[in-house]
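Read through the structure below, which is laid out as structure tokens, and then see the notes.
The values are calculated or read from the model by the stated rules, or taken from the named source; none is laboratory data. Worth saying up front: this structure is predicted, and the values here are computed from it rather than measured. Methodologically, a virtual Cβ is constructed for each residue, glycine included, from the backbone with ideal geometry; neighbour enumeration extends over all protein chains shown.
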Amino acid sequence: MHDSRAVAGRCLVAMKRISLALGIAFAAVTVVIPFTLLNCVDRVERQHTMDVNKIKTELGTVVGQLLEYQYRFVPRSHQRKGETSASVSARGWVESIVSGEFQPKGDVGEGFHSGGPDSCDAVQVRYPVVGDLGEIDLRISQTVFVITVSAKPKVWPSNWKNDPERAASELGHRIFIQPERLRLRRVRDLSGLSWGEQIIPPGKLPDQKDWLDTLRWWSDGSEVGFTVLKRTGPGQAAKISSDLQPNQVWFEMFERPRAR
Amino acid sequence: MRYYRAKEPYDEAAIAAANAAIAPETGGRALTMGPEDAELRTKWMQAYKDAGGKVVEVRPKRKKPKDPVNPCPCKPISSIRLVSLTFKSDHNLLKDYTTDWKDGGSRYPKPEWIAGGAQHPVSHTMGKPVSVDVEIEVAPADACVETGTLRGEGPDGMVFEKTGVTFKPGRFTVQLTSDKDLEKKVRAFDFQIEWSAKTDDTGFQMRSSRSSTTTNKMFVTYDTPYNDTPYDNGVTRKRMEWACTLCDGDTNGHASVKKIHDSTGSFDLSASTPSPHWKIAGGAHAQCMDLGKFYMLGAEMLGLRSGEVVYLYPKVGKTTKETTSGADNDRRSVAGSVPAHAPATTHNSSNPNEEILLVDQSGGWNNYEACYKFTHPDSTGTMKTRYYAGGANDYDTAQEVMKSVCKETHWTFEGSGGGWSICTTPGPSPVDVW
């Protein structure tokens, strides 16, 4: 599903180009050109099939940022100390929440996003998974406290058409460990996207919640995205937050010496 | 050969006559049944019969003679060979799993040393003697039995020796105990014993050689490894070897716990829980409470059990609370907070309470700082308690930990998405600056 709205300001240049292209097309042939939304970060045009601004509005800035960052892939032999530390931490989470079938097979490239020369931000891994649903392009992006998992099947199953809840449930049960705990519901359809969440067992205390209890999902009919907070369950040390401020400074943390 | 037996009732007069007939030779003593009186017994019986006593003739049944071939005399011992060695005083817990940091595999079988075959490792408590069973084989099969001495020279002047050993043909086992205790220090080393034997009668010797030298990897710990916490601490070779190699030479528990503590990096607030915790030894990241649990598991692998994981919370007013609970932040009800929240506030929409948050020196948001609190005599013998902070340094008191780790504290409230935010209105924010 596509949306022709543009983000004001930064994307203005990109919108003008689109208009010119459309004008030329209409003059020559009567065709309907599928309109692709452009989101610009760092003055680079990128294509998304979903509007990250809607995702930011609905799920928070950090979740949207993870989807729109431009990741710089760095071989392990060239990673800085902070990048290596962040990638070790990120791999720990992939091992902890992703099912065996959806684990990366062998070494996969890791991409990093840095807002500044020494600041943290995010790590992404991308790899295909082939299974009973065919080939799925998987992207797992993480910042200090937030993980997003985007799953885009090469061929959208026909029985998922107009049933995003089914798509989210079938993908979720394959992607995540503890599938017996996964119970998803659709919360609403808004702005061309379907949104949902994990059903938390009644009576579960706030302190008892782990990452799966924080799961939210969204879908545009061609891709399903999931986001969770890095909660480890009862007695965890970190004060997990989806706010912007605590989700920065990931690399820098490991550049500093141990507290004295 | 026939002989006569007196028939009852015996004739007293004939008895007297028979006794008188042999009296010059016996002097009146009673006859024995021994071979020395056989001739006299025959003479007595004849005199009894001649004196009218009734007798019965006895003709023994025929018997075939036994094998007339006598066995040859035994041969001298031609060899004494070491067959196997079994440790009797080890922990008998060590498993052969080395693939990764998980628990798995099977206990190493006994015997731990077999000639031409297996050489299995063992773990053993320091400061204790070592007991072993040595299986010996003596040849040839018709060797003469001899007594002698079996001796083993172990590491650091340790001697296993037994005299009066019966060296008989075939295989048999000898139990020996070292004359000295293992040195009181953590070790990972090759426990080698050079065996020799010597018989007393013929002086046959099994000299120490490569074939009579037993070698087993030995891991020496403070005490028997423990696996009595809720966290997996199965005794695998990979784990034991890591701990004993890291702490090789240590003579004091605090020195070893410090090495285990210092082997890990800083805490990673964003880390998942390593499963098992032993993955931390291989470089997995962890939050402070999981680091503390790993320190505890490493210490218990070495047989040190006098510690626990504690959670330190900053309190309003810059004091420190120490508990064994991971959910003991200081709290205040949003509804009745001091200072008061506005009547219409979202701070209690997901959770009626706000909690104190610890901002560490790196700007990270923490609920607490977890430590492995270990109490043990130090090198002078004085009982000492030390807080080995998860991913930070080690300290003498909880307050010292907090002063080092905590930068400032804030009140926080929980949002609808499960994340937390700092309460700045009414705050105060920060609550305390440490």
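Collect the residues in the stretch B:77-129 that are among the hydrophobic types (A, V, I, L, M, F, W, C) and over 20 Å from B:GLU241 (Cα atoms), keeping them in residue-number order. Full working, then the answer.
Step one: list which residues in the stretch B:77-129 are among the hydrophobic types (A, V, I, L, M, F, W, C), which gives B:77, B:80, B:82-83, B:85, B:87, B:93-94, B:101, B:113-115, B:118, B:122, B:126.
Answer for the stretch B:77-129, where residues must be among the hydrophobic types (A, V, I, L, M, F, W, C) and over 20 Å from B:GLU241 (Cα atoms): B:ILE77, B:ILE80, B:LEU82, B:VAL83, B:LEU85, B:ILE114, B:ALA115.
For the stretch A:203-227, the candidate set comprises residues that are more than 9 Å from chain B (Cβ to nearest Cβ), under 14 Å from the mean Cα position of the chain (by Cα) and not hydroxyl-bearing (Ser, Thr, Tyr); within that set, the residue that is nearest to B:SER421 (Cα to Cα) is A:LEU215. Within the option set B:GLN192, B:GLN175, being of a type in the set (S, T, N, Q) and under 17 Å from B:LYS217 (Cβ atoms) holds for one residue only, B:GLN192. For the stretch B:352-377, a residue qualifies if it is outside any strand (DSSP E or B) and either of a type in the set (Gly, Ala, Ser) or touching a Lys or Arg at 6+ places or on another chain (Cβ under 7 Å) (or both), and the qualifying residues are B:GLN361, B:SER362, B:GLY363, B:GLY364, B:ASN367.
If I filter the stretch A:140-150 for residues that are more than 14 Å from chain B (Cβ to nearest Cβ) and either within 20 Å of A:LEU67 (Cα to Cα) or of a type outside the set (Ser, Thr, Tyr) (or both), do I get at least one hit? Yes - at least one qualifying residue is present in the stretch A:140-150.
Residues that are in contact with a strand residue (DSSP E or B) (Cβ under 8 Å, 6 or more places away or on another chain), part of a loop (DSSP other than H, G, I, E, B) and within 14 Å of chain A (Cβ to nearest Cβ) within the stretch B:397-423 comprise B:GLY415, B:GLY417, B:GLY418, B:GLY419, B:CYS423, listed in sequence order.
State all residues of the stretch B:268-309 that are assigned to a helix (DSSP H, G or I), of a type in the set (D, E, K, R) and closer than 16 Å to A:THR232 by Cα; if no residue qualifies, say none. Before you say what the answer is, go through the steps one by one.
Going residue by residue through the stretch B:268-309, those that are assigned to a helix (DSSP H, G or I) are B:277-282, B:288-301.
Still in the running and of a type in the set (D, E, K, R): B:279, B:290, B:293, B:300.
Once the filter is applied, which keeps residues that are assigned to a helix (DSSP H, G or I), of a type in the set (D, E, K, R) and closer than 16 Å to A:THR232 by Cα, the stretch B:268-309 yields B:ASP290, B:LYS293.
Keeping to the stretch B:4-19, report how many residues are assigned to a loop (DSSP other than H, G, I, E, B) and either without any contact (Cβ under 8 Å) to a residue 24 or more places away in the chain or under 60 Å from the mean Cα position of the chain (by Cα) (or both). So that I can check it myself, show each step before the final result.
In the first step, residues of the stretch B:4-19 are kept if they are assigned to a loop (DSSP other than H, G, I, E, B); the result is B:7-11.
Of the ones still in play, those that are also either without any contact (Cβ under 8 Å) to a residue 24 or more places away in the chain or under 60 Å from the mean Cα position of the chain (by Cα) (or both) are B:8-9.
Count: 2.
Of all residues in the stretch A:61-86, those satisfying the criterion of being within 11 Å of chain B (Cβ to nearest Cβ), crowded, with 19+ Cβ neighbours inside 10 Å and modelled with pLDDT under 90 are A:SER85, A:ALA86. In the stretch B:258-271, the residues that are facing another protein chain (nearest Cβ under 7 Å) form Cβ pairs under 8 Å with partners that are of a type in the set (Val, Ile, Thr) and in a loop (DSSP other than H, G, I, E, B), at six or more places apart or across chains, as follows: B:LEU269/A:VAL144; B:SER270/A:VAL144.
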